[in-house]
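The block underneath contains the structure these notes are about, expressed in structure tokens.
What follows draws every value from the coordinates through simple rules; no lab data is involved. Here the structure is a predicted model, which is why all the values come from computation and not from measurement. Cβ: placed from backbone, ideal geometry, glycine included. Neighbour counts: every protein chain shown.
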2 protein chains.
Amino acid sequence: MSKSASLKNYFLSHRKVTNELIDKIEPEHFDYKPAPTSMSAKELVIHMLTTFHMFAASAAKQAPEPIHEKSEEDDLSKLADKYTDEAVKLIESLSEDSLNDMIDLTDIIGSSLPAEKVLEIAVVHEIHHKGNLFVYVREMGHTDLPLFIKT
Amino acid sequence: MSKSASLKNYFLSHRKVTNELIDKIEPEHFDYKPAPTSMSAKELVIHMLTTFHMFAASAAKQAPEPIHEKSEEDDLSKLADKYTDEAVKLIESLSEDSLNDMIDLTDIIGSSLPAEKVLEIAVVHEIHHKGNLFVYVREMGHTDLPLFIKT
């Protein structure tokens, strides 16, 4: 398996779970916060989707800015599908050689890293916040939750 | 850097954060559950420590059973130090060759994997539950929380 195919599988093994959790969040819970200083459920989901995009687009040397309009934030499941499709395209666009290219992330994490490492950090960031999201969704009353990884 | 040194750093970049969160959990919050079906804070911490141990000990072909007595569960910070020290020893014991050895995890995840992959899964499991723990600790009233990764 090519390195980018392996990274795509690693990403999707977690993103598919993220998307299952997002599908459980009803609009009346979009503003739900577990604690006063927490991100709301909607803020957390948008943070996860746009941060992964920022890392993956940077790795592919494309514009890292969000690719959605404010109005699309009313349907988080659709937004998740949009960002997931785009993330897969970005990862698939990376050749074995370009995965070794150094990506300048000085503004974001203070250093430059090979594109491959940028994608690995992006997935780890997703796993961390998906761990947050599991608690949010359980607190919304859901008890039938997926495993944390989909193989 | 050797592969086991790199895996040790990857592990510690997350475990150090786990341990900072554990240090914030006062005994009166050990039984705290964010939702009725959640693990309690104490159960979650013990699950994280013993599961990492189970994976790392399996990777090093040692007994995967917990290494603490029930009475040690009254001091979660001390328990975390004990399991962290042991995890470092287990990871350091793995040579480049032995990281490629296939480890039979049929009983746990239904397949065999190279020792290196077993350690990677162990860290991902830790990141996931650390993401849970961040929400627990914020709900206990803490707002001065570490970054999710320590470099």
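Anything in chain A that counts as a DSSP H helix reaching 15 Å or more along its axis (C-alpha) with Kyte-Doolittle mean of at least 0.5? List them, would you? Present the calculation step by step, with values, prior to reporting the outcome.
On the way: long enough: A:3-23 (30 Å, -0.62); A:41-59 (27 Å, 0.89); A:76-92 (24 Å, -0.28); A:115-139 (36 Å, 0.12).
Once both thresholds are applied, what remains is A:41-59.
In debye to the nearest 20, how big a dipole does the stretch A:1-76 give about its Cα centre with +1 on each Lys and Arg Cβ and -1 on each Asp and Glu Cβ?
On the way: 9 positive and 12 negative charges, 137 e Å.
Roughly 660 debye for the stretch A:1-76.
Compute the FRET efficiency between B:T151 and A:M140 as 1/(1 + (r/R0)^6), taking r as their Cβ-Cβ distance and R0 = 35 Å, and round to the nearest 0.05. If you can, show how the numbers build up before the last one.
Working: r = 33 Å, r/R0 = 0.95.
Once rounded, the FRET efficiency stands at 0.55.
Please identify, among A:I127, A:I108, A:I22, the residue showing maximal mean-square fluctuation in a Gaussian network model of chain A using a 10 angstrom Cα cutoff.
Looking only at A:I127, A:I108, A:I22, the largest GNM fluctuation is found for A:I108.
Within 10 Å of each candidate Cβ there may be at most 16 other Cβ atoms; applying that plus a DSSP loop requirement, which GluC sites (Glu not before Pro) in the stretch A:74-138 survive?
Working: sites: A:E86, A:E92, A:E96, A:E116, A:E120, A:E126; in loops: A:E96.
Of the GluC sites (Glu not before Pro), the ones in loops of the stretch A:74-138 whose Cβ has at most 16 other Cβ atoms within 10 Å are A:E96.
Going Cα to Cα from B:K3, which aspartates and glutamates come in below 14 Å? Please leave out same-chain ones fewer than 8 positions away.
B:K3 reaches B:E92, B:E96, B:D97, B:D101, B:E116, B:E120.
Order of B:L147, A:L21, B:L12 from fewest to most other C-beta atoms within 10 Å?
Values: B:L147 9, A:L21 22, B:L12 18.
In increasing order of surrounding Cβ atoms, one gets B:L147, B:L12, A:L21.
Quick one: which residues, 5+ away or cross-chain, put their amide H under 5 Å from the amide H of B:L105? H built at 1.01 Å from N.
B:S111, B:S112, B:L113
Counting Lys and Arg as +1 and Asp and Glu as -1, what is the net charge of the other residues whose Cβ lies under 13 Å from the Cβ of B:K33?
-2
For the stretch B:45-97, compute Rh as the Kirkwood radius over C-alpha pairs and then the Stokes-Einstein diffusion coefficient at 4 °C and 1.567 mPa s; write the answer in µm²/s, rounded to an integer. Mind showing how you got there, number by number?
Details: Rh = 11.4 Å.
Rounded, D is 114 µm²/s.
Quickly estimate the mean residue ellipticity at 222 nm for chain B, helices only: each DSSP H run with n ≥ 4 gives -39500 (n - 2.57), and the total goes over all residues, rounded to 500.
On the way: 5 runs with 87 residues, N = 151.
So the helix-based figure for chain B works out to -19500 deg cm²/dmol.
Loop only by DSSP, 16 or fewer other Cβ within 10 Å of the Cβ. Give me the GluC sites (Glu not before Pro) in the stretch A:39-84 that pass, ordered by residue number. Please report the intermediate quantities before stating the final value.
Details: sites: A:E43, A:E69, A:E72, A:E73; in loops: A:E69.
Answer by residue number: A:E69.
Of the candidates A:A87, A:A63, A:A115, which one comes out as most mobile in a Gaussian network treatment of chain A with C-alpha springs shorter than 10 Å?
Evaluated over chain A, the most mobile residue of the options is A:A63.
Farthest toward the dipole's positive end in the stretch A:32-151, which of A:T37, A:I103, A:M54, given Cβ charges of +1 (Lys, Arg) and -1 (Asp, Glu) about the Cα centre?
A:T37
To the nearest whole percent, what portion of all C-alpha pairs in the protein assembly as shown is separated by more than 36 angstrom?
Details: 7531 of 45451 pairs.
Summing the P(r) of the protein assembly as shown above 36 Å gives 17 percent of all pairs.
Once you have the alpha carbon radius of gyration of chain A, what is it after dividing by 2.2 N^0.38 Å, with N set to its residue count? Display every interim value, and only then the final one.
Working: Rg = 15.5 Å, N = 151, 2.2 N^0.38 = 14.8 Å.
In units of the 2.2 N^0.38 Å rule of thumb, it is 1.05.
Separation of the stretch A:83-135 and the stretch A:1-73 by C-alpha centroid, Å?
12
Exactly which trypsin sites (Lys or Arg not before Pro) in the stretch B:87-151 are in a DSSP loop and have at most 14 other Cβ atoms within 10 Å? Can you show the working numbers first?
Working: sites: B:K89, B:K117, B:K130, B:R138, B:K150; in loops: B:K150.
In loop regions of the stretch B:87-151 (DSSP not H, G, I, E or B), the sparsely surrounded trypsin sites (Lys or Arg not before Pro) are B:K150.
Of B:S38, B:S98, B:S77, which has the largest mean-square fluctuation in a 10 Å C-alpha GNM of chain B?
B:S38
Fully extended, how many nm does the chain gain between B:D81 and B:S98 (0.36 nm per residue separation, minus their Cα-Cα distance)? Mind dumping the intermediate values first?
Details: separation 17, 0.36 × 17 = 6.12 nm, distance 2.58 nm.
Once the chain is fully extended between B:D81 and B:S98, it gains 3.5 nm.
Would you mind working out the magnitude of the charge dipole of the protein assembly as shown relative to its Cα centre, with +1 at each Lys and Arg C-beta and -1 at each Asp and Glu C-beta, to the nearest 20 Debye? Mind dumping the intermediate values first?
On the way: 32 positive and 52 negative charges, 51 e Å.
Approximately 240 debye in magnitude.
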